[in-house]
1. Name the residue that is nearest to residue 345 (Cα to Cα), counting only residues in the range 274-292 that are assigned to a loop (DSSP other than H, G, I, E, B) and out of contact with any helix residue (DSSP H, G or I) (no Cβ under 8 Å at 6 or more places or on another chain).
2. Quick check on the range 452-494: of everything there that is in contact with a Ser or Thr (Cβ under 9 Å, 6 or more places away or on another chain) and not in a helix (DSSP H, G or I), which residue is farthest from residue 521 (Cα to Cα)?
3. Those residues that are in contact with a helix residue (DSSP H, G or I) (Cβ under 7 Å, 6 or more places away or on another chain) and either free of Cβ contacts under 8 Å to residues at least 40 places away in the same chain or assigned to a helix (DSSP H, G or I) (or both), I need them from the range 582-596; list them, please.
4. For residues that are open to solvent by 40 Å² or more (accessible area, probe 1.4 Å), touching a residue at least 12 places away in the same chain (Cβ under 8 Å) and either within 16 Å of the chain's Cα centre (by Cα) or under 22 Å from residue 489 (Cα atoms) (or both), tally how many sit in the range 304-321.
5. How about the range 27-42: which of its residues are outside any strand (DSSP E or B) and of a type outside the set (A, V, I, L, M, F, W, C)?
6. Looking at the range 66-95, which of its residues are under 44 Å from the mean Cα position of the chain (by Cα), surrounded by 18 or more Cβ atoms within 10 Å (Cβ to Cβ), in a strand (DSSP E or B) and at pLDDT below 90?
7. Go through the range 401-425 residue by residue and tally those that are in a helix (DSSP H, G or I), at pLDDT 70 or above and polar (S, T, N, Q).
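The values are calculated or read from the model by the stated rules, or taken from the named source; none is laboratory data. Only a predicted model underlies this, so the values are computations on that prediction, with no experimental measurement involved. Glycine gets a Cβ as well: all are built from the backbone with ideal geometry, and neighbour counts include every protein chain shown. Quick note on the areas: whole protein, heavy atoms, side chains included, nothing else; ligands and nucleic acids left out. Shrake-Rupley method; radii C 1.70, N 1.55, O 1.52, S 1.80 Å.
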Amino acid sequence: MDIVESLFDIQVQDPPEEDFSSIDLTWTKFGTAEHHDEVALIPYARVDSFIIGECSNVECPTRFHIERGRKRSRGSLKEYKDDEYLEYRLYWCSFGPENYGEGGGVLPSRKYRLNTRNRAARPQSMRGCTCHFVVKRLYARPSLALLIYNDRRHVNKSGFICHGPLDRDAIGPGAKKIPYICNEIQQQTMSMIYLGIPEESVLEKHIEGIQRYCGSDAKVNSLASQYVQKLGMIIRRSTHELDLDDQASIRLWVDRNKKSIFFYQDSSETDPFILGIQTEWQLQQMIRFGHRSLIAADSTFGIKRLKYPLCTLLVFDSRQHALPVAWVVTRSSAKPDVTKWMKSLLDRARSIEPGWKISGFLIDDAAAEIDPIRSWLRNIVKKCTNIKIQREIFKRLGNILYSIWDGADPFVNLEVLIQDFVDQTAFIEYFKASWMPKLAMWLSTMRALPLASQEASGAIEAYHVKLKTKLFDDSHLGALQRVDWLVHKLTTELHSSYWLDRYADESDSFQNVKDEYIASTSWHRAMQIPNSAVTLGDKEHLFARVSSQKDSSLTHLVWNPGSEFAFCDCAWSMQGNICKHVVKVNMICANNEGYQPSMSFQSLREVLMNLWTKPMDDSVELDLSVAWTHNMLDQIKQLVELSSSDDIGAVVNNLPLKWVSKKGRTSVGIPSSTLALPSSSKSSTVHKKNRKRKRLSRLR
């Protein structure tokens, strides 16, 4: 658009509509290259029609007030430009310029109270809207008005819509009449809308929640219906693109969602991009389920397909399902960068619970390699078509993996395996090219670190699969390279899905959601398979059979039973996942002689043996190791007893420390240094003497 330097070159516009707005006008850049405004010329008599049209904006209905005004009398200027004013008025949206919302404030220059007749219904309704325009009645041509629109969008300083139907925080003039909606009801309604539940069902559940506070009332139901419709419209119209530039869009999102950010570092020449996201609900779950428990990391998601890989921190909830409690979007895995956001996350948790700490951290560097190993075993089946050769290879590979704890060199066994099957040319070439370079890293990691259990691995995998389903949909493939899209999906759909899962389980509502949530892990699905459906194979333990529960004529074959690296011929396992058939077979094998214990149990046994053999004989270190071991065994015993008990009261009654009397406690509820003893008459007498002595001292 060219810049016009004279108003005489701008055409006067007079729309035929009774009321018109800025979209009905053609705007022209007026001024110089250094400073210019978007302007339009209309008859001065049509100014009121323009203001009424601007107030009737469908997306942001409002009223405009005169923020500032000046007048001149005719003949007061001897020399003047073509844009000099006879009357000057600055019209501002009545939802601004002050911001009485969160993080806002009154303008520092405001030293007087404005006439509020034409302003928003209440001062607290003002949200810092920046929309304003200037009307100049021209000095040279008093019959014309020059419109100068400084900011047409109804947004605040952060660039977000701050009032109207598209504003999530808008309260409007009837806010006092809206029924009470607590965070739980609001989150429930939002989660149901995000998950695509029909509006009738959403409204029914929303009204049920409100009636717990307001009772049953036709007006309340009507307002609730309007609230659900408005919230649904906001969610449907919401977009992840706050700006065409992805980096600018993320900055805007971070500025608005500071409560959900625990660490943010913008990319620069020296520092990588890091964005740590954790909502208040996720923080509560991390403190609740992570204290003195385990936290797992799923840090391998989107390495090839997303602009920045996604790292998720997971806790295990009351059903031992993996629950995401923090997301970190970054490409850097360097120790200094990881230390930054981990320290920030720990400080955030301890600001709420000072004594919060975890008992262990599951890293997926070792756990993630289990999937390639399982894929490796699956691909061997494709390379070897002879059934006898398949069985022999699985037996030998299993022995190689378990030889780590026997002190044998697994690489020697691998060389023997290659020599024995040298006639299988296709398999040997594929094995050497694809998997031999990675085996050294896998085997060294398995030696150095304890391995996670099958239940924990299945829970982490269930989260990973759900994440792929939500993000890698065909309709979203074009947005994978935008960080704002990833953040939007995480904080809306995925967050709402897990919130509703936990709410359905704890409140015993949404039975369909609860059932799907419980059966989301292979461990829980395996629990539904009866033991009679599993048939172990020959004496060499090469395979096992599992009868299908849906089709009695169908039987699944599980190779290498009793091992973490077993896999099944079902479709789910052939995709590289942990299937329920493998888990069930391993449960059966764990209770049968002739099968080696799981690698996670062997890791525990190795740690205990190292702890027992490390100290010198008859040394203080030996006594300390014995004390540590007994303390750890007592904690494990109590944990097992608590997990397997149906009555927690019976477990509490068996605890070693019991309060006998109230006198054994301090004023703040912390036990005193001496063990509380039953009260006796002697102690009571001494106490009475002390009280009497104090009363006598006061009388003196």
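1. Pass one, the range 274-292, residues assigned to a loop (DSSP other than H, G, I, E, B): 278-279, 291-292.
From what's left, out of contact with any helix residue (DSSP H, G or I) (no Cβ under 8 Å at 6 or more places or on another chain): 291-292.
Working: 291: 14, 292: 16 Å.
Selected residue: 291.
2. Within the range 452-494, the match that is farthest from residue 521 (Cα to Cα) is 482.
3. As a first pass, look at the range 582-596 and keep what is in contact with a helix residue (DSSP H, G or I) (Cβ under 7 Å, 6 or more places away or on another chain): 582-584, 586-588, 595-596.
Of everything in the range 582-596, those that are in contact with a helix residue (DSSP H, G or I) (Cβ under 7 Å, 6 or more places away or on another chain) and either free of Cβ contacts under 8 Å to residues at least 40 places away in the same chain or assigned to a helix (DSSP H, G or I) (or both) turn out to be 582, 583, 584, 586, 587, 588.
4. Of all residues in the range 304-321, those open to solvent by 40 Å² or more (accessible area, probe 1.4 Å) come to 304-305, 307, 318-320.
Now restrict to residues that are touching a residue at least 12 places away in the same chain (Cβ under 8 Å): 305, 307, 318-320.
Subsequent filtering for residues that are either within 16 Å of the chain's Cα centre (by Cα) or under 22 Å from residue 489 (Cα atoms) (or both) retains 305, 307.
Counting residues in the range 304-321 that are open to solvent by 40 Å² or more (accessible area, probe 1.4 Å), touching a residue at least 12 places away in the same chain (Cβ under 8 Å) and either within 16 Å of the chain's Cα centre (by Cα) or under 22 Å from residue 489 (Cα atoms) (or both) gives 2.
5. Step one: filter the range 27-42 for residues outside any strand (DSSP E or B), giving 27, 32-35.
Within the range 27-42, 32, 34, 35 meet the criteria.
6. Answer for the range 66-95, where residues must be under 44 Å from the mean Cα position of the chain (by Cα), surrounded by 18 or more Cβ atoms within 10 Å (Cβ to Cβ), in a strand (DSSP E or B) and at pLDDT below 90: 92, 93.
7. Total satisfying the criteria: 3.
To keep it simple, each residue is scored yes or no on (1) surrounded by 18 or more Cβ atoms within 10 Å (Cβ to Cβ); (2) in contact with a strand residue (DSSP E or B) (Cβ under 8 Å, 6 or more places away or on another chain).
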residue	(1), (2)
463	yes, yes
485	yes, no
496	yes, no
505	yes, no
519	no, no
